[in-house]
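So the structure is just underneath, and the comments pick up after that.
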Amino acid sequence: MTPAPAANTWLVIPLYNEAAVIHTVITEARETFPYVVCVDDGSRDDSAALARAAGAVVVQHPINLGQGAALQTGFDYVTRFTDAEYVITFDADGQHDPADALAMVVRAREADLAIVYGSRFLDKRTKPGAAKRLVLKTAAFVTRLSTGLRLTDAHNGLRCIRRDALSAIRIRQDGMAHASEIVSQLADTKLPWEEAPVHIRYTDYSRAKGQSLLNSVNILVDLLLR
Amino acid sequence: MLLNPAPLTLSGSLTAFASDNRFWIQLALIVGIGTAGVLLLRSTAGARHQAIRRLAMTAFGVVAIYFIMAPSAATRVARLLGVGRGADLLLYALVIAFLGYLASSFKRIAGLEGRITELARQLALAQAPRPDHLGDPHHSQSAPAEEGIHSSDPPTRGTAAGSNAPAGGSTGAPSSMPTGRPAPRDEGGRQAF
């Protein structure tokens, strides 16, 4: 059965060349969240067909635009075509646990929060490498300097965003710097927020696909030269 | 340039112009600058920006033609500015012009990318299946809602309103909506941006 909090929640999954795992990820997620919109960002493999077969609504970018653009398209889809009260941003590579996402919606509802940010550093479940930890902590620190939000994690793809907060987001960073951009725009709304512990499942697959440390240089430059 | 010093004044250089052995290279350069100038003057942009660029291009053309006809003039200006040779002065000016060009085209390309992104996103949303086309979330595993959106498809169902019929292959649309399903909103024609 669909838990009540999931009934008015849509999962937004940006998808780019994840044919190996996307069917499993969506199938597993839909056991908790039946409503999934998957934004296929011009994948060259059959990710889109697999996502559709797994029961997601698939919105297809005609060309590859970047994950930020894919998220914005997903947000636009939800605000235009559904009455969803909450949106969960969820990664396509299987790093995220639907149970964590459900806990975030439950928490948002009971505490009347507009935004719940996932953080992998609030409990001991996630085991990032030292270098990754350093980059994420640095990014969180930069985010804190620019937005004033005392986040413990940065670039965590799992977030719960209420409809009113969603309308304040206008992602202009097509690439990966959107994660900080979302935080910055949500911070401007002054809406109530909280962090929730999430477990990032680092598998060999996600490690191979994940952002390289060098890419954090790009993220930093994108943010500073905004 | 040093072996064949040009006359010191513009009028002097004009009298020597036709008989000079530099005539053909000078003619080629002047025609080249004239052509480039006309092409740049003709391109369209914001009126104010365009006017400024046209003035700058005209000034550039006049100075360039003068330097071509009187090569030593560039060297004299360079000495005046404490730079050794006219060629060095031209190189510095070129570097600055190039960096300026890089900066302006970077900005222009960023703007262009933003517009392409918006266009592609709107296209994707216009062609997206609506939530009510899907089967029951718990029973639609074998029923893809819609065939892939191929670039060769004619855009016959792209409008935001009233495109209730999927393009084909849809087996998942139930006749009755399950309870608790979010109702689709009719927001056709809304301009979100």
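The values are calculated or read from the model by the stated rules, or taken from the named source; none is laboratory data. It should be emphasised that the depicted structure is a prediction, and the values quoted were computed from it without experimental measurement. When we count neighbours, we look across all protein chains shown, and the Cβ atoms used for this are built from the backbone with ideal geometry, even at glycine.
Below is a table of values for the structure above.
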quantity: Region B:70-82 residues that are over 22 Å from B:Ile25 (Cα atoms), paired with ones that are part of a loop (DSSP other than H, G, I, E, B) and basic (Lys, Arg) (beta carbon under 6 Å, 6 or more apart); calculated: B:Ala78/B:Arg85
quantity: Members of region A:147-193 that are in a loop (DSSP other than H, G, I, E, B), within 14 Å of chain B (Cβ to nearest Cβ) and touching a Gly at 6+ places or on another chain (Cβ under 8 Å); calculated: A:Ile171, A:Arg172, A:Gln173, A:Asp174, A:Gly175, A:Ala177
quantity: Subset tally (residues that are in contact (Cβ under 8 Å) with a residue 12 or more places away in the chain and at the interface with another protein chain (Cβ under 7 Å from one of its Cβ atoms)) for region A:56-89; calculated: 14
quantity: Subset of region B:41-76 (residues that are outside any helix (DSSP H, G or I) and at pLDDT below 80); calculated: B:Ser43, B:Thr44, B:Ala45, B:Gly46
quantity: Answer from A:Lys137, A:Lys127, A:Lys132 - the residue that is in a helix (DSSP H, G or I), in contact (Cβ under 8 Å) with a residue 40 or more places away in the chain and among the charged types (D, E, K, R); calculated: A:Lys132
quantity: Test for B:Ala173: is it more than 11 Å from chain A (Cβ to nearest Cβ), in contact with a His (Cβ under 9 Å, 6 or more places away or on another chain) and modelled with pLDDT under 85; calculated: yes
quantity: Boolean, B:Thr58 is under 30 Å from A:Gln67 (Cβ atoms), hydroxyl-bearing (Ser, Thr, Tyr) and out of contact with any strand residue (DSSP E or B) (no Cβ under 7 Å at 6 or more places or on another chain); calculated: no
quantity: Answer residue from region A:143-170, given it is under 30 Å from A:Phe81 (Cβ atoms) and small (Gly, Ala, Ser) and is surrounded by the fewest Cβ atoms within 10 Å (Cβ to Cβ) among those; calculated: A:Ser167
quantity: Every pair of residues 6+ apart whose Cβ atoms lie under 7 Å, when the first sits in region A:15-30 and is assigned to a helix (DSSP H, G or I) while the second is among the β-branched types (Val, Ile, Thr); calculated: A:Ile26/A:Val36; A:Ala29/A:Val36; A:Arg30/A:Val36
quantity: Among residues of region B:25-40, those that are modelled with pLDDT under 80 and loosely packed, with under 14 Cβ neighbours inside 10 Å, counted; calculated: 3
quantity: Selection from region A:6-34 of residues that are under 21 Å from A:Arg80 (Cα atoms) and surrounded by 22 or more Cβ atoms within 10 Å (Cβ to Cβ); calculated: A:Ala6, A:Thr9, A:Trp10, A:Leu11, A:Val12, A:Ile13, A:Pro14, A:Leu15, A:Phe33, A:Pro34
quantity: Flag if A:Arg226 is surrounded by fewer than 19 Cβ atoms within 10 Å (Cβ to Cβ), modelled with pLDDT under 85 and in a loop (DSSP other than H, G, I, E, B); calculated: yes
quantity: Test: residue in region B:96-117 that is at pLDDT 85 or above and over 27 Å from the mean Cα position of the chain (by Cα); calculated: no
quantity: Residues located in region A:92-121, provided they are loosely packed, with under 15 Cβ neighbours inside 10 Å and either within 18 Å of the chain's Cα centre (by Cα) or not small (Gly, Ala, Ser) (or both); calculated: A:Ala99, A:Glu110, A:Asp112
quantity: Test: residue in region A:35-50 that is over 15 Å from A:Leu15 (Cβ atoms), buried (at least 24 other Cβ atoms within 10 Å of the Cβ) and within 14 Å of another protein chain (Cβ to nearest Cβ); calculated: yes
